[in-house]
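The values are calculated or read from the model by the stated rules, or taken from the named source; none is laboratory data. On a predicted model such as this, the values are computed, not experimentally measured, just so you know. Reconstructed Cβ throughout: ideal geometry from the backbone, glycine too, with neighbour counts over all protein chains shown.
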Ligand SMILES: Cc1ncc(COP(=O)(O)O)c(C=O)c1O
């Protein structure tokens, strides 16, 4: 054991989180419950980094996979499901678009950056959130080319004057801005408007990264929230229902002017993921599930915050649709105690990461989790 180096082996807080009681191995999961290798049952508030929205081991998804798996898993040429799904995604937008399907969100965001650089013939990338593990998105980690390090930069959008000044000063080298949607800022609308204006003026591309928010907030989170069209959009996670899925949507006018671009791989939008995505989109459309998901989360966050506020403890969930983030106003000792007690009480959360709710977090399960947090509060107060 202990040979695996991907995921969080190199993660700097790994040992600390394990000490706090975070289980390292899972055995299985059903709905919003996760069972560790020691068979301890947890209410899962990470849901596979938000990729599971219907619930673990969903029966409908199982049926789709069972019905398709016997016809082959991967092909050289295209399948009709690709065209079918491309039509479905295109129907979300009023502009003409071209699409590609990938596996990871990082593939899709990186292909968007590649296209932006090829289209504008400029290099510099401005990003605002987490967009994956590839070099341009992790310029300050080890193993990255110097050219990548100096050709991309992260900016906070809160207090956005800094980013606007940077654009005005460096406009000749900027290929694109990629924004994680939705933007966690009261001024989000103003920021997007100003960036869009500058993108036209200085001829760089605007990219919406909806890898996390796509489906959770509906089919077009950025356009619905800000009323502004980007040049490229990327979708991910939730559409795959636990299978790897991401999609790149590019305005036709951008694609038309590209040549000598090589983006191909053996595993390229797996057919099973595409069938699952089609099923999930239909479920969400028919049952208005994005709204249900936001309602569940609002209920949970409101009551969670009430418990901690009533107890006078400086801990709250920053509401952010079904992806709230825990904020601590307390010292590290209280924070560590909170996480230790959460794991002990069967609540699966990752310190310093947003939480993810799903449609399987039904009201009775939210109430059960809230009861556990009420118990935790009593110990924290001592
Ligand atoms: C907004 C956003 N973009 C891109 C990514 C990268 O996706 P992946 O982890 O599938 O490569 C993530 C992952 O969490 C994300 O949240």
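In region 350-366, how many are surrounded by 20 or more Cβ atoms within 10 Å (Cβ to Cβ) and within 18 Å of the chain's Cα centre (by Cα)? Break it down into steps so the answer makes sense when it comes.
Looking only at region 350-366, we keep the residues that are surrounded by 20 or more Cβ atoms within 10 Å (Cβ to Cβ), and these are 354-361, 366.
Those left that are additionally within 18 Å of the chain's Cα centre (by Cα): 354-359.
Residues meeting the conditions: 6.
Failed condition for residue 269, given (1) buried (at least 16 other Cβ atoms within 10 Å of the Cβ); (2) modelled with pLDDT of 95 or more; (3) under 26 Å from residue 64 (Cβ atoms), with all others met?
With respect to (1) buried (at least 16 other Cβ atoms within 10 Å of the Cβ); (2) modelled with pLDDT of 95 or more; (3) under 26 Å from residue 64 (Cβ atoms), residue 269 is out only on (2).
Just checking, how many residues over region 324-382 are without any contact (Cβ under 8 Å) to a residue 60 or more places away in the chain, over 22 Å from residue 299 (Cβ atoms) and assigned to a loop (DSSP other than H, G, I, E, B)?
Selection size over region 324-382: 4.
Could you check, for region 255-270, whether at least one of its residues is closer than 18 Å to residue 108 by Cα, in a helix (DSSP H, G or I) and touching a strand residue (DSSP E or B) at 6+ places or on another chain (Cβ under 9 Å)?
Yes - at least one qualifying residue is present in region 255-270.
Can you name the number of the only condition in (1) within 21 Å of residue 132 (Cα to Cα); (2) within 16 Å of the ligand (Cβ to nearest atom) that residue 192 fails?
(1)
Listed residues 324, 244, 221, 230; which is closer than 30 Å to residue 371 by Cβ and either surrounded by fewer than 21 Cβ atoms within 10 Å (Cβ to Cβ) or touching a strand residue (DSSP E or B) at 6+ places or on another chain (Cβ under 8 Å) (or both)?
It is 324.
In region 103-128, what residues are part of a loop (DSSP other than H, G, I, E, B), within 11 Å of the ligand (Cβ to nearest atom) and closer than 24 Å to residue 196 by Cα?
128
Checking residue 95 against (1) surrounded by fewer than 22 Cβ atoms within 10 Å (Cβ to Cβ); (2) within 22 Å of residue 241 (Cα to Cα), which single condition isn't satisfied?
Among (1) surrounded by fewer than 22 Cβ atoms within 10 Å (Cβ to Cβ); (2) within 22 Å of residue 241 (Cα to Cα), the lone unmet condition for residue 95 is (2).
Hey, among 239, 284, which residue is touching a residue at least 60 places away in the same chain (Cβ under 8 Å), part of a helix (DSSP H, G or I) and over 23 Å from residue 127 (Cα atoms)?
Answer to the selection: 284.
Assigned to a loop (DSSP other than H, G, I, E, B), without any contact (Cβ under 8 Å) to a residue 12 or more places away in the chain and surrounded by fewer than 17 Cβ atoms within 10 Å (Cβ to Cβ): does that describe residue 3?
When the stated conditions are applied, residue 3 passes them.
Taking into account only those residues within region 136-176 that are touching a strand residue (DSSP E or B) at 6+ places or on another chain (Cβ under 8 Å) and within 16 Å of the ligand (Cβ to nearest atom), which is farthest from residue 118 (Cα to Cα)?
157
So, restricting to helices (runs of 4 or more DSSP H) that lie completely within region 129-230, which ones have at least 3 residues that are in contact with a helix residue (DSSP H, G or I) (Cβ under 7 Å, 6 or more places away or on another chain)? Spell out how you get there, then give the answer.
Working: elements: 146-149, 161-170, 188-202, 221-226.
Because the criterion is at least 3 residues that are in contact with a helix residue (DSSP H, G or I) (Cβ under 7 Å, 6 or more places away or on another chain), the helices (runs of 4 or more DSSP H) in region 129-230 that meet it are 188-202.
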